[in-house]
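Participant: Got a structure for you, written out below as structure tokens; questions coming shortly.
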Amino acid sequence: MPLSPRDQQIRLAQVALIRLVVQASGNPEARNELEPVLAQAEQGGWTDLVPRIRRVLKGERDAALLRGLDDEDTVILTAILDGLRDPSTLPDPNDAADPAQAAPGLAHMIHSASHGDAQALHWLSQMAEQMTRAGGDLARLGGITKRLVDGERDPDRLCKGMGAQGESLVLSLLGELGKLERH
């Protein structure tokens with residue numbers, strides 16, 4: 001079953017964690033690198049997901065691990081379990097987001113965050129941080145997410161300094177946000 005744009009964005013936002021867990025499941029040295037990441041994630045509020053990741057690291061692979069998780073945690077843990085079964089399913093950290101695919105998922109997260117959804121705000125901040133590290137238009141997009149959550153909709157201000165692909169993504173994002181705000 002194809003992933004929704006929102007689920008694709010979650011996978012891309014957490015690609016480093018997903019790949020690190022899969023790598024660490026068979027490599028004790030990688031577990032040393034992963035443990036501080038898990039500790040920080042747990043302190044940051046991932047109190048349901050992190051214990052289940054630790055169970056996966058101990059060898060559990062049962063789909064029952066997914067029971068009771070919220071949607072975002074389910075996407076992440078499913079990607080980990082799928083990646084352990086078939087590494088070709090792992091998200092590619094070098095994937096450039098297709099604006100047509102990225103805009104609806106990002107718009108839903110921005111819309112939810114702007115209406116008080118703390119989980120959406122958390123995911124959006126995680127994504128923005130990763131985008132900022134990526135450089136280029138993605139870094140600029142990461143830099144404007146807070147302005148989008150706060151209600152900024154002026155394309156000239158938001159697209160300032162972006163190339164054609166970045167502008168296309170922002171304009172698509174503004175279109176999707178407009179649809180959500182009209183409903």
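Since every read-out is calculated from the coordinates, none of them should be taken as a lab result. Predicted model, so just to flag it, every value in this text is computed and none were measured. Cβ placement follows ideal geometry from the backbone for every residue including glycine, while neighbour counts extend to all protein chains displayed.
Participant: Where the centroid of each part is defined by its Cα atoms, how far is region 1-26 from region 140-183 in Å?
Facilitator: 25 Å
Participant: Please compute the contact order of region 99-182 in relative form: average sequence separation of alpha-carbon pairs under 8 Å and at least six residues apart, divided by the residue count, as a percent.
Facilitator: 38 percent.
Participant: Can you give the relative contact order of the chain as a percent, counting alpha carbon pairs under 8 Å and 6+ residues apart? Intermediate results must be reported in sequence, preceding the final value.
Facilitator: Details: 181 pairs, mean separation 43.2, N = 183.
With pairs under 8 Å counted, the relative contact order is 24 percent.
Participant: Hey, another quick one. Among the trypsin sites (Lys or Arg not before Pro) within region 115-183, which fall in a DSSP loop and have no more than 16 other Cβ atoms within 10 Å of their own Cβ?
Facilitator: ARG153, LYS160
Participant: Give the order of THR145, THR132 when sorted by the count of other beta carbons within 10 angstrom, beginning with the fewest.
Facilitator: THR132, THR145
Participant: Computed FRET efficiency, Cβ-Cβ of LYS160 and GLN43, R0 45 Å: what is it to the nearest 0.05?
Facilitator: That pair, LYS160 with GLN43, gives E of 0.80.
Participant: Same structure again: Picking from ALA13, GLY68, ALA79, whose Cα lies most toward the positive end of the charge dipole for region 5-89 (charges on Cβ: Lys, Arg +1; Asp, Glu -1)?
Facilitator: ALA79
Participant: Could I ask something else about it? Determine Rg/Rh for region 5-89; Rg is computed over alpha-carbon atoms and Rh is the Kirkwood hydrodynamic estimate from the same atoms.
Facilitator: With Rh from the inverse mean 1/r over Cα pairs, Rg/Rh is 0.92.
Participant: Work out the FRET efficiency for ASP86 and GLU129 from their Cβ-Cβ distance, taking R0 = 22 Å, and round it to the nearest 0.05.
Facilitator: 0.15
Participant: A further question on this structure: If packing is taken as the mean number of other Cβ atoms within 10 Å per residue, what is the order of 108-115, 84-91, highest first?
Facilitator: 108-115, 84-91
Participant: Residue-wise, which Karplus ³J(HN,Hα) couplings in Hz belong to region 17-29, taking 6.51 cos²θ - 1.76 cosθ + 1.60, θ = phi - 60°, and x for glycine or proline?
Facilitator: Taking θ as phi minus 60°, the curve returns 5, 4, 5, 5, 5, 4, 4, 6, 5, x, 9, x, 5 Hz for region 17-29.
Participant: Right, another one. State, as an integer percentage, the relative contact order of region 5-89 based on alpha-carbon contacts under 8 Å between residues 6 or more apart. Mind showing how you got there, number by number?
Facilitator: On the way: 53 pairs, mean separation 33.4, N = 85.
Taking the mean separation of contacting Cα pairs over the length of region 5-89, I get 39 percent.
Participant: Okay, next question. Return the lysines within reach of LYS160: Cα separation strictly under 22 angstrom, same-chain partners fewer than 8 residues apart disregarded; answer none if there are no such residues.
Facilitator: LYS146
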